[in-house]
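Report on the following structure.
The values are calculated or read from the model by the stated rules, or taken from the named source; none is laboratory data. Just so we're clear, the structure is a prediction, and the values are computed from it rather than from any experiment. In this analysis, Cβ positions are derived from the backbone assuming ideal geometry, glycine residues included, and neighbour counts consider all displayed protein chains.
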Amino acid sequence: MNRSIKLFFALILFKVAMAQGTSYYLMGTYAYIELPSQNLNLTAYKYLKEIERKLSDYLDSSEVSKINLNAGDKFVKVSDVTLEAIKNSIEISRKTWGFFDVTFGALTINAKRLGKISEDSARKLINFMDIVISGDSVMLAKKGMSIDLGGIGKGFAIEKTYNYLKINSGFISIGGDMKVWGHKRTLAIKNPIEGDALV
């Protein structure tokens, strides 16, 4: 483990010791939750974990994985949370003219991770307009398509948790996504060249 990684984890441990914060492993990375009490930290973690169970394409039992498995075949009934995440992703895909495309999973999941199809074939299946929504059910129009919420999943989950908690202050961080609200904080990163200097 190199020095930068050690410093990163040392900083997390220091924060845990000095505040009502707790570190967890969530969504394939480390999360840090600092709320007014440990009970609230646990409540937030459980809520985030439930969202992960619905949205993660690494869990075969998740609603997103079921949509991907049934691509080109049939609709899958989903929860309000999953439907909202997919609709948000479609909207972002539209606003970015497809530069962000939630169906990029054809490449990231089916081609690169699972090796089910070639990368050339996968690229032809990337098209968010082929997501079909009917009420509370979702289907991908073509076999081989896949939804990958990795681009928005963590930020979406944090925002949902913030709205669920309804508290005046807190700090939730998952990987590179974070939300800070309430009392003022100093946010900084360590200078990788000058050791303990902050930037």
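Listing for the model above:
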quantity: Residue among Glu91, Glu52, Glu34 that is charged (D, E, K, R) and under 15 Å from the mean Cα position of the chain (by Cα); calculated: Glu52
quantity: Residue match in the range 177-197 (condition: assigned by TED's automatic domain parsing to the domain that holds Tyr25, touching a Leu at 6+ places or on another chain (Cβ under 6 Å), over 15 Å from Leu55 (Cα atoms) and exposed (fewer than 14 other Cβ atoms within 10 Å of the Cβ)); calculated: yes
quantity: Boolean, Val64 is buried (at least 17 other Cβ atoms within 10 Å of the Cβ), in contact (Cβ under 8 Å) with a residue 40 or more places away in the chain, out of contact with any strand residue (DSSP E or B) (no Cβ under 7 Å at 6 or more places or on another chain) and not basic (Lys, Arg); calculated: yes
quantity: Residue among Lys112, Lys95, Lys74 that alone is exposed (fewer than 15 other Cβ atoms within 10 Å of the Cβ), of a type outside the set (Val, Ile, Thr) and touching a strand residue (DSSP E or B) at 6+ places or on another chain (Cβ under 8 Å); calculated: Lys74
quantity: Subset of the range 110-157 (residues that are part of a loop (DSSP other than H, G, I, E, B) and among the aliphatic types (A, V, I, L, M)); calculated: Leu114, Ile117, Leu125, Ile126, Ala141, Met145, Ile147, Ile152
quantity: Selection within the range 33-88 - of a type in the set (Phe, Trp, Tyr) and either under 30 Å from Ser169 (Cα atoms) or assigned to a helix (DSSP H, G or I) (or both); calculated: Tyr45, Tyr47
quantity: Matching option when the condition is outside the structural domain of Ser37 (by TED's automatic domain parsing), closer than 26 Å to Tyr45 by Cα and of a type in the set (D, E, K, R), among Glu159, Glu119, Glu84; calculated: Glu84
